[in-house]
Amino acid sequence: MKSISLKLEDKIFQETEEILDRLKKPRNRYINEAVAYYNRLQKRTLLEKRLREESALVKDDTLSVLDEFEQIDHEGETI
């Protein structure tokens, strides 16, 4: 386990202390859980951004393929 020095804004520290008192949870455990949660949230956000970017890259090709399939369907209907 790594040790770090952490500076919190006074308001955040006080709010955290009040919550910890109610939860009867060690500060270290609480901060670890909070950072783990935030990491999961950021990973999800980064993945969403990456998927949006990759979707935009293939959008035109996908629409082109769909148009070709529609043309094939229409040609089959006229036969």
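General observations
- Residue pairs whose Cβ atoms lie under 9 Å apart, sitting 6 or more positions apart in sequence or on different chains, and linking a residue in the range 57-75 that is at pLDDT below 85 to a partner that is not aliphatic (A, V, I, L, M), are 62/55.
- Some residue of the range 63-70 being within 15 Å of the chain's Cα centre (by Cα) and either loosely packed, with under 10 Cβ neighbours inside 10 Å or aliphatic (A, V, I, L, M) (or both): no
- Test: residue in the range 29-38 that is free of Cβ contacts under 8 Å to residues at least 40 places away in the same chain, farther than 21 Å from residue 8 by Cα and among the basic types (Lys, Arg): no
The values are calculated or read from the model by the stated rules, or taken from the named source; none is laboratory data. These numbers come from a predicted model, not from an experiment. For neighbour counting, all protein chains shown are included, and Cβ atoms are generated from backbone atoms with ideal geometry for every residue, glycine included.
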